[in-house]
Amino acid sequence: MGFYDDEKTALQYIAMAEGYDGRELIEILKLHLPQGSSVLEIGMGPGVDLEILKEHFQVTGSDNAQFFLDRYRNSDPDADLLLLDAVELDTKRKFDCIFSNKVLHHLTNDDLARSLDRQKAILSDTGLVMHSFWRGEGTEEHQGLRFVNQTEDSLRSVFGDVFNILDIVVYKEMEDDDSLYVLASL
């Protein structure tokens, strides 16, 4: 059983993440993506960003933890949700945009590259991706979870092989310059 599939640890994560959301990122995304576009959120967790995305886009939420999907579906029985692994992204559906907020940092760099190849395959011809990461060097582990920190150069390297990078921006989530996001297109 994974960290997020266990109710106790998933609820701990929800409590820890209280007060944080991707609204700032979504405001930037709105400048590049027409209202009503289809968006796949990878790693929706408790659905905080999904709710914000739904205000502007047609959103499909996804997670690899059934716990989060079931929990969200209890509050919104009609939600468009998929059980998806962030690397394999096993769906035949196409999306105008794929979004994640501090999710893909759990992937090794090899798995991140595989995920980006899969994302390219499920994007529409004019598709965008927007993903945020913790900024830094090296890999850390907390409570059995892997966190692969990224730099502007490391993201430029892995994203540039698959996408046209529109922007890589450093920003503050908890501390100055602790985060960065990539906005890229096909």
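The values are calculated or read from the model by the stated rules, or taken from the named source; none is laboratory data. Being a predicted model, the structure only gives us computed values, none of them experimental. For neighbour counting, all protein chains shown are included, and Cβ atoms are generated from backbone atoms with ideal geometry for every residue, glycine included. Remember, those area values only see protein heavy atoms, side chains included, never the ligands or the DNA or RNA. Shrake-Rupley method; radii C 1.70, N 1.55, O 1.52, S 1.80 Å.
Among the residues of region 30-41, is any open to solvent by less than 70 Å² (accessible area, probe 1.4 Å), under 27 Å from Glu88 (Cβ atoms), at pLDDT below 65 and assigned to a loop (DSSP other than H, G, I, E, B)? No: region 30-41 contains no residue that is open to solvent by less than 70 Å² (accessible area, probe 1.4 Å), under 27 Å from Glu88 (Cβ atoms), at pLDDT below 65 and assigned to a loop (DSSP other than H, G, I, E, B). I'd like to know if region 151-158 contains one or more residues that are in contact with a helix residue (DSSP H, G or I) (Cβ under 7 Å, 6 or more places away or on another chain) and not aliphatic (A, V, I, L, M). So far as region 151-158 goes, no, none of its residues is in contact with a helix residue (DSSP H, G or I) (Cβ under 7 Å, 6 or more places away or on another chain) and not aliphatic (A, V, I, L, M).
Taking region 158-183, which residues are closer than 18 Å to His106 by Cα and either out of contact with any strand residue (DSSP E or B) (no Cβ under 9 Å at 6 or more places or on another chain) or among the β-branched types (Val, Ile, Thr) (or both)?
Scanning region 158-183 gives Val158, Val182.
Within region 111-157, can you find the residues that are part of a loop (DSSP other than H, G, I, E, B) and loosely packed, with under 13 Cβ neighbours inside 10 Å?
Across region 111-157, the qualifying residues are Glu137, Gly138, Gln143, Gly144.
Note on region 158-170: residues that are surrounded by 13 or more Cβ atoms within 10 Å (Cβ to Cβ) and either at pLDDT below 95 or part of a loop (DSSP other than H, G, I, E, B) (or both) amount to 2. Within region 78-98, identify whether any single residue is modelled with pLDDT under 95 and of a type in the set (A, V, I, L, M), and answer yes or no. Taking every residue of region 78-98 in turn, none turns out to be modelled with pLDDT under 95 and of a type in the set (A, V, I, L, M).
Which one of these is assigned to a strand (DSSP E or B), among the charged types (D, E, K, R) and closer than 23 Å to Ala184 by Cα: Asp85, Asp49, Asp96?
Values: Asp85 fails: assigned to a strand (DSSP E or B); Asp49 fails: assigned to a strand (DSSP E or B).
So the residue among Asp85, Asp49, Asp96 that is assigned to a strand (DSSP E or B), among the charged types (D, E, K, R) and closer than 23 Å to Ala184 by Cα is Asp96.
Of the residues making up region 85-104, those that are touching a helix residue (DSSP H, G or I) at 6+ places or on another chain (Cβ under 8 Å) and aliphatic (A, V, I, L, M) are Ala86, Val87, Leu89, Ile98, Leu104. When Gln66 is tested against (1) open to solvent by 50 Å² or more (accessible area, probe 1.4 Å); (2) under 20 Å from Val162 (Cβ atoms), only condition (2) is not met.
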